[in-house]
Structures are given as structure tokens and as C-alpha cells.
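Bear in mind these aren't lab numbers, they're just calculated from the coordinates by the rules spelled out. Here the structure is a predicted model, which is why all the values come from computation and not from measurement. Glycine also receives a Cβ, built like all others from the backbone with ideal geometry; neighbour counts cover every protein chain displayed.
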Amino acid sequence: MLLLQNAHVVPGDGHPELPATDVLVRDGEIAAIGRGLDAPGAEVVDATGRVLIPGLVDTHRHVWQAPLRGIGPDMTLPDYFAAVLGRALVAYRPEDTNLAVRLGAAEALDAGVTTVLDWNNTPHVDAAAEAYQTLGMRAVIANDQLRTDLRGTLSAALAILGPEYGPADEAEAHLRRARDLGILVTMHLGGGRTPSAVSRMDEVGLLGPGVHLVHLNSVTPDEAKLLADTGAGVTVTPLVEELMGHGSSAYGRLADAGCRPALGVDVVVNSVPDLFEVMRATLRAERTRTAPLLPAARMLDAATIDGARAIGLADRIGTITVGKRADLVLLDGLAHLAGNGDCAGAVVTSLRPSDVDTVIVDGRIVKRAGRLIGVDLAELRASATEIAHRARDRGTFL
Ligand SMILES: [Zn+2]
């Protein structure tokens, strides 16, 4: 048992914030939320002056690329396809995927991301799964293998090329098969300036809650409405989309139509491994696009409960609610606000990964007092250098 004492709790999803509140975790689950909870025998964490938020949910990241951070500040999408997917990827052995995912998972956890939908392009799903288990991170591992054997904090999604990058009939067959098995299907869609395949997918009855679409920069208002009406999960990755020329973020168009878009880092070849900057970039874009000021706190929901919704995990994670799994993050830096006002908006506008004090996944503390437990991030980074160098030796980038 774990008792978080005297935290400023941000439950999420529009629920009022709870100053000076305790949260009790039992068997990996949030067992009670209230003031002055009594839990004999529980490990106590003094959360005085800290803000407790639901763990952040990154719904689209190619985690295996963690060793390649910053290799492509000026990469276009065709450059990326050629260098990263065309050449670096084929150099990955199972042990490289394991090391790369350990590095990527450690960087994500360090920044308060407790769940990731990892679009794992490598053929080494078992190596990735082992990495998440070692690090204690919740992950949906998306791959072109249809896996039904992942359990606990791990689950599988089917990653497909989709009707824009592969044959439409093949995409349809994959979608129908995964739907029968109850497995999430995720694909890139509408990530360019040409019309998206959303309408075509709707015509053949393929939109729905088990489908997760990423980017959607070219989505029209009518298509956004189709996505909202059918309950398809949607994710935007604004930093990478704008840097690589996909076009402006679809966040606002999707939200206007009634979708609850989630946020992803996507790739770190030209981006950062945390969601704080993604939240802020989206907030800035929305405040530039529309006259009424979008509340900053909306972005924290986008990075938590909306992420959980987009990938079918909202019954388990995404808010601080009794009965959900205990994925929780304690934040420093706002002690002056804790108890004196709402903190969710300030988390979005004014905090950064170094303010992440404690991270809990499924009831287990993986970061405490600002340091990951049992993981030496610097050592992981040093070990992974060889992966990037090997890619360079194949005549790619760097
Ligand atoms: Zn992607």
C-alpha cells in the first residue's frame, strides 16, 4: 500500500481540483481519495506543496528511435523515410530494440509519461516488451504482428500502413480482422496536404472506437465530424508535423467537430521526448487560431484522459479516480499555488520535465525525488550511442 499525503490533486477530465488531499493506492489501484486517510502499514509519501496529476499518456511515439535523437533537425518526410525507416531501421537487432526502448521508456518516464502507444516499426516485439517490463512502464505496443499474448501493463495494437500508404483492400482486411479480435488498429492518416482517406474509410464502415488515426493535418471539418460521430481515436503530433511539413495541426478542427484529440511526441529525430512542449505548442496554436482563449488546463486533459480514450484505456487510466490503476505524477514548482487556486493550467504553461518529482505506474514508484529508480539515464544514453553510430556507418546521417 502507498499513501500519498497532502497533495494538491488534479483529478482531470473537468473534475474540481482537491487541495490538501490524500490518495491511497492498494494493489496497483487507486483505492481512496480524501482528507486525512488512515492506512496503517502503508508506505507514506509526503506530497505537501506538490501537485498530483494523472500520468501523462503519449499516444504516438516511435520509441525505438530514442538513440537517434536530434539526427534530423532539417529532415523532410521523404528524408525521414529514406534515412530512418529505409536505412537505420534495418540495422536494428533484437538487442538494439531492447536497449533503444529502455532508453526511450526511461526518457518518457523521467518526463512523467506513464503510458505510451509505441509504434514499433522493428520486428522485435518481444525485445520491446521486455524493455517495458524492466522499466515498469505501461505500453501499448503497436506492430504489424497481430499479438494477443501481452498482459498486465502491456497490450498490443495492430500498426498498419493504412489506405494512404498501402493498398486499401489490405487495410480493410486488417481492420476487420483486428476488430473481430478486439484489438486496436493504429495508422498514420492525412499527414500531408493531399486529401485524407477519412471519407473513404467511412464509406466502407471502417471508422469506429477501435480505430486510432494519427496526424490528420489535411482533415476537413466534414471529415472531423465523421470521426467524432463514429468515435474513432485521433492523435496529433504538432511539433513533428510542423517541423517536417505535414501542415498545421488538426487539433482545433478535430476539437471543433467534437473529437477529443490526444497528443503524441512521434519522433525525437527533430523533437523532444516529453509532452510538456507538445501541450504548450498546441495551446499556442489554438490561442492563435481562435479568439476565445482556450483554457490551458484543456491541454492537460488532452495529454491524459483524452490520450487514454484515444487508445481504448479510459476505463483503466487517464484520471485520478477510485478504481482506476494508479498511474500518477507528483510535480514540483507550484507550491505557492497548491491549495490557493487551480493548478492544471499552470502545469501546462509553466512546468517542464525537470519539475517531475515522483512517477508511479500501476502503483509502483519508478521515479522518486527527481531521480529514476534503478535506471541510470546517462549510462543508457552512452550505451545507445553505438546504435546511432552503426546507423551512421551505413552511410546515413550524422
Ligand atoms: Zn508516426
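Going by how many other Cβ atoms sit within 10 Å of their own, how do Lys225, Lys367 line up, fewest first?
Least to most surrounded, the residues fall as Lys225, Lys367.
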**Asked** Considering the dipole of segment 1-130 built from charges on the beta carbon (Lys and Arg +1, Asp and Glu -1) around the Cα centre, which of Pro19, Ala88, Ile30 is farthest to its positive end?
**Response** Ala88
**Request:** Using only the alpha-carbon atoms of segment 311-371, report the extent along each of the three principal axes, biggest first, to the nearest angstrom.
**Result:** 33, 26, 21
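Report for the chain the percent antiparallel among DSSP-assigned beta bridges with both residues inside it, nearest 5. List each step's numbers first, then the result.
On the way: 24 of 58 bridges.
That works out to approximately 40 percent antiparallel.
Let me know the Kirkwood hydrodynamic radius for segment 16-137, please, with Cα pairs as the basis and the value in Å to one decimal. It would help to have the intermediate numbers written out before the result.
Details: mean 1/r = 0.0584 Å⁻¹.
One decimal place: 17.1 Å for the Kirkwood radius.
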**Item:** Highest-MSF residue in the chain out of Leu56, Leu331, Leu293 [GNM, Cα springs under 10 Å]
**Value:** Leu293
**Message:** Just to be sure I understand: with springs between alpha-carbon atoms less than 10 Å apart, which residue in Leu189, Leu330, Leu351 has the highest mean-square fluctuation in the Gaussian network model of the chain?
**Reply:** Leu351
**Item:** Under-5 Å amide H pairs with Ile365, H placed in peptide plane, nonlocal only
**Value:** none
**Asked** Gaussian network model of the chain, Cα springs within a sub-10 Å range: biggest mean-square fluctuation belongs to which of Gly191, Gly318, Gly152?
**Response** Gly152
**Asked** If you take the Cα atoms of segment 131-180, find Rg, then find the Kirkwood Rh from the mean of 1/r over all pairs, what is Rg/Rh?
**Response** 1.08
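Can you compute the FRET efficiency between Ser350 and Met1 using 1/(1 + (r/R0)^6), with r the Cβ-Cβ distance and R0 = 25 Å? Round to the nearest 0.05. Kindly include the intermediate steps, with their values, before the conclusion.
Numbers: r = 33 Å, r/R0 = 1.31.
Once the sixth-power term is evaluated, E becomes 0.15.
How much of the DSSP beta bridge set in segment 1-143 is antiparallel, as a percent to the nearest 5? Walk me through the numbers before you get to the answer.
Numbers: 10 of 25 bridges.
Taking every DSSP beta bridge within segment 1-143, about 40 percent pair in antiparallel fashion.
Which order results if Trp119, Trp64 are arranged by neighbouring Cβ count within 10 Å, fewest first?
Fewest-to-most Cβ neighbours within 10 Å comes out as Trp119, Trp64.
At 0.692 mPa s and 37 °C, plugging the Kirkwood radius over alpha-carbon pairs of the chain into Stokes-Einstein gives what diffusion coefficient in µm²/s? Don't skip to the answer; put the middle values down first.
Details: Rh = 21.1 Å.
My calculation gives 156 µm²/s for D.
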**Complete:** Diffing segment 151-158: the Karplus 3J(HN,Hα) column from phi (6.51, -1.76, 1.60, θ = phi - 60°), in whole Hz with x for Gly and Pro, holds 10, x, 7, 10, 9, 10, 10, 9
**Request:** Grab the beta carbon distance between Phe81 and Val204, set R0 = 30 Å, and tell me the FRET efficiency rounded to 0.05.
**Result:** 0.65
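For the chain, what relative contact order do you get, as a whole percent, if you take Cα pairs closer than 8 Å and at least 6 residues apart?
Values: 921 pairs, mean separation 90.2, N = 398.
Dividing the mean separation by the residue count of the chain yields 23 percent.
With a 10 Å Cβ neighbour count serving as the proxy for reagent exposure, in which order, fewest first, do His389, His246, His60 appear? Walk me through the intermediate numbers first.
Details: His389 11, His246 24, His60 28.
So the residues, fewest neighbours to most, are His389, His246, His60.
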**Prompt:** Hey, what do the phi angles of segment 326-336 turn into as Karplus ³J(HN,Hα) couplings, whole Hz, using 6.51/-1.76/1.60 and θ = phi - 60°, x for Gly and Pro?
**Reply:** 8, 9, 9, 9, 9, 10, 8, x, 10, 4, 6
